[in-house]
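Bear in mind these aren't lab numbers, they're just calculated from the coordinates by the rules spelled out. Remember, it's a predicted structure, so these values are computed and weren't measured experimentally. In this analysis, Cβ positions are derived from the backbone assuming ideal geometry, glycine residues included, and neighbour counts consider all displayed protein chains.
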Amino acid sequence: MNFFIKTFLILFLAFLFSCKNNKEVSKPEIKNEDINVLMIEAYKEGLNELENGYAILAAKKFNEAEILYPQSIWAPRSSLMAAYSFYSQDYYEDSINELIRFLNTYPKNIRTDYARYLLAMNYYEQIINEKKDLGPILEAKKNFIIVKENFPNSDFALDAEYKLNLIEEMLASKEMYLASYYSDKEKWIPAINRYKEVLENYDTTIYVEEALHRLVEIHYRLGLKDEAKKYASMLGYNYQSGEWYEKSYKIFNKNYEKNKIKKDKKNKKTTLDKIKSLLSLK
């Protein structure tokens, strides 16, 4: 009797396993075509959300599209669109994180130039006060340089160069601000170093002319007239017709204003004489 029971149990278990295997084999598979359709639908939903101004929902849909089919060409595009969605509504930190992930995940993607440019813009848009916070300025500068040097023929290279020029002006402005602060406190050495920093590293900015004059001013005040003359010569050679050259000239020529007034009066008198002669009845 036991023999028959054991045999029955064995056959019954075999039947159960057979049914289970058949069910697993017959389970329908999700084809790549179906995933592709789902991904495109998620991508389109992301575009709709973005158009309606819902940046976070849009980014969520783009991320969903990327996860659905990571091997697709749409995956890196979805990642970039998520980053742009965050950027469009000033969620800069989220956009930056998305772009860093993109650059790490798709380092050779054809849209790497745009990713770098958008990364730079995220930092650039966060520049509030260059005199206090250098972090965003330096990060923006670093990424704009990458765009300019690594992608010189891209659509973003020209604007990157323009933004770099503006950043140079900002950095020079910060140096001038600090130099002026030290001058007001009569801390001459730090002030001189800051003005020299402008001459050496920001020589294409609008602040060079004033920096030269301030160096003339400080050195003359300290009794270092040879040094003052050196910077005055540089100022005269490059900016002889500028207002800062005139101010430096006054430092060395105390009679400058008196001579200028006499000259102006003389010219005025000569002009009046000419007018009188023209109106004369003779």
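Can you give me the C-alpha center-to-center distance between the range 69-99 and the range 179-252, rounded to a whole angstrom?
Here the two parts' Cα centres lie 48 Å apart.
State, as an integer percentage, the relative contact order of the range 36-110 based on alpha-carbon contacts under 8 Å between residues 6 or more apart.
Once normalised by length, the contact order is 25 percent.
For the range 55-172, what's the relative contact order in percent, using C-alpha pairs closer than 8 Å and at least 6 residues apart? Before the final figure, lay out the partial values.
Working: 127 pairs, mean separation 20.1, N = 118.
It rounds to 17 percent for the range 55-172.
What is the dipole size for the range 36-110, taken about its Cα centre, with +1 at each Lys and Arg Cβ and -1 at each Asp and Glu Cβ, in debye to the nearest 20?
Details: 6 positive and 10 negative charges, 63 e Å.
Using Cβ point charges on Lys, Arg, Asp and Glu, the range 36-110 gives about 300 debye.
Compare the peptides 140-149, 87-96, 199-208 by average per-residue count of other Cβ atoms within 10 angstrom and give them in order, highest first.
On the way: 140-149: 20.0, 87-96: 17.2, 199-208: 15.2.
By packing density, highest mean first, the sequence is 140-149, 87-96, 199-208.
Please give, to one decimal in nm, the separation of the simple spin-label points placed at residue 150 and residue 166, each 7 Å out from Cα toward the Cβ.
2.2 nm
By average Cβ neighbour count within 10 Å, what is the ranking of 186-194, 113-121 from highest down?
Going from most to least packed, we get 113-121, 186-194.
I need the fraction of alpha carbon pairs in the range 36-110 separated by more than 14 Å, rounded to a whole percent. Please report the intermediate quantities before stating the final value.
On the way: 1471 of 2775 pairs.
Percent of Cα pairs beyond 14 Å in the range 36-110: 53.
If we restrict to alpha carbons, what Rg and Dmax does the range 81-227 come to, in Å?
19.3, 62
If each of residue 38 and residue 233 carries a label point 7 Å out from its Cα toward its Cβ, how far apart are those two points in nm?
Taking the two extended label points, one gets 7.8 nm.
For the range 76-85, take each phi angle, set θ = phi - 60°, evaluate the Karplus expression 6.51 cos²θ - 1.76 cosθ + 1.60, and give the result in whole Hz per residue in order, putting x for glycine and proline.
Working through the residues one at a time gives x, 5, 5, 4, 5, 5, 5, 4, 5, 4 Hz.
Using 0.36 nm per residue, how much length does the chain from residue 134 to residue 189 gain when fully extended, once their Cα-Cα distance is taken away?
Working: separation 55, 0.36 × 55 = 19.80 nm, distance 2.28 nm.
Extra length from residue 134 to residue 189 when fully extended: 17.5 nm.
Please list 48-54, 221-227, 175-181 highest first by mean number of surrounding beta-carbon atoms within 10 Å per residue. Write out the running numbers ahead of the final one.
Details: 48-54: 14.0, 221-227: 12.1, 175-181: 18.4.
Packing order, densest peptide first, comes out as 175-181, 48-54, 221-227.
What FRET efficiency would be calculated for the residue pair residue 159, residue 252, taking the C-beta separation as r and a Förster radius of 41 Å, to the nearest 0.05?
Details: r = 44 Å, r/R0 = 1.08.
For R0 = 41 Å, the calculated efficiency reads 0.40.
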